[in-house]
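Data block below; observations after.
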Amino acid sequence: MVLGIGYYGNIVKDECDLELYKKLLSVWKGMIKRCYHGKAVNYKKYGGKGVTVSDRWKCFKNFYNDVQHIPNYNRNALLAGELQLDKDLLSKDTKVYTKETCCWLNKDLNSYLGYAKQIKPIRA
């Protein structure tokens, strides 16, 4: 179990692309942590604002299989650290990480979207 929320499922590590397995495990654990661990650095922006992970993605095996088929997936870019999992672009007001709401974005675009979301309009 990861934080009492996530679980690995019956994924067979030896039958996976080991490099991809390690990278996606890190992404998955980070997602679980920022949504459910109150002491995580980004918890206030995620779990603290009601962001959750779908029941399906609480299982690492499902996450591993699904994220290779969501928009903008590129194995080499992901392994090079150039992509980040995003839940905001495809579904503007979503508060759930799920295969229907997520896509992969390059770091710069993902950072910009996060920043732009925090800007409040000025009314005159």
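The values are calculated or read from the model by the stated rules, or taken from the named source; none is laboratory data. Please read all numbers here as calculations on a predicted model, not as lab measurements. Glycine gets a Cβ as well: all are built from the backbone with ideal geometry, and neighbour counts include every protein chain shown. Side chains included, ligands, DNA and RNA excluded: accessible areas come from the protein's heavy atoms. Shrake-Rupley method; radii C 1.70, N 1.55, O 1.52, S 1.80 Å.
List the number of the failed condition for residue 84; all other conditions in (1) farther than 14 Å from residue 54 by Cα; (2) out of contact with any helix residue (DSSP H, G or I) (no Cβ under 6 Å at 6 or more places or on another chain); (3) open to solvent by less than 90 Å² (accessible area, probe 1.4 Å) hold.
(2)
Which one is surrounded by the most Cβ atoms within 10 Å (Cβ to Cβ), of the residues in the range 28-51 that are of a type in the set (Gly, Ala, Ser) and not in a helix (DSSP H, G or I)? Quick ask: steps written out before the conclusion?
From the range 28-51, those of a type in the set (Gly, Ala, Ser) are 30, 38, 40, 47-48, 50; that's our starting set.
From the residues that got through so far, the ones that are not in a helix (DSSP H, G or I) too are 38, 40, 50.
Values: 38: 9, 40: 18, 50: 9.
The qualifying residue surrounded by the most Cβ atoms within 10 Å (Cβ to Cβ) is 40.
For residue 25, work out the one condition from (1) in contact with a helix residue (DSSP H, G or I) (Cβ under 6 Å, 6 or more places away or on another chain); (2) assigned to a helix (DSSP H, G or I); (3) of a type outside the set (Phe, Trp, Tyr) it doesn't fulfil.
Of the numbered conditions (1) in contact with a helix residue (DSSP H, G or I) (Cβ under 6 Å, 6 or more places away or on another chain); (2) assigned to a helix (DSSP H, G or I); (3) of a type outside the set (Phe, Trp, Tyr), the odd one out for residue 25 is (1).
Failed condition for residue 40, given (1) at pLDDT 95 or above; (2) closer than 25 Å to residue 9 by Cβ, with all others met?
Residue 40 satisfies every listed condition except (1).
Please go through (1) among the basic types (Lys, Arg); (2) without any contact (Cβ under 8 Å) to a residue 24 or more places away in the chain; (3) assigned to a loop (DSSP other than H, G, I, E, B) for residue 99 and return the number of the only condition it doesn't satisfy.
Exception for residue 99: condition (2).
Can you name the residue in the range 69-96 that is touching a residue at least 12 places away in the same chain (Cβ under 8 Å) and among the polar types (S, T, N, Q) and is also nearest to residue 110 (Cα to Cα) among such residues?
84
Out of (1) under 11 Å from the mean Cα position of the chain (by Cα); (2) open to solvent by 20 Å² or more (accessible area, probe 1.4 Å); (3) under 27 Å from residue 93 (Cβ atoms), what's the single condition that is false for residue 57?
Only one criterion in (1) under 11 Å from the mean Cα position of the chain (by Cα); (2) open to solvent by 20 Å² or more (accessible area, probe 1.4 Å); (3) under 27 Å from residue 93 (Cβ atoms) is unmet by residue 57, namely (2).
When only residues in the range 1-22 that are open to solvent by 40 Å² or more (accessible area, probe 1.4 Å), part of a helix (DSSP H, G or I) and free of Cβ contacts under 8 Å to residues at least 60 places away in the same chain count, which is farthest from residue 66 (Cα to Cα)?
Within the range 1-22, the match that is farthest from residue 66 (Cα to Cα) is 14.
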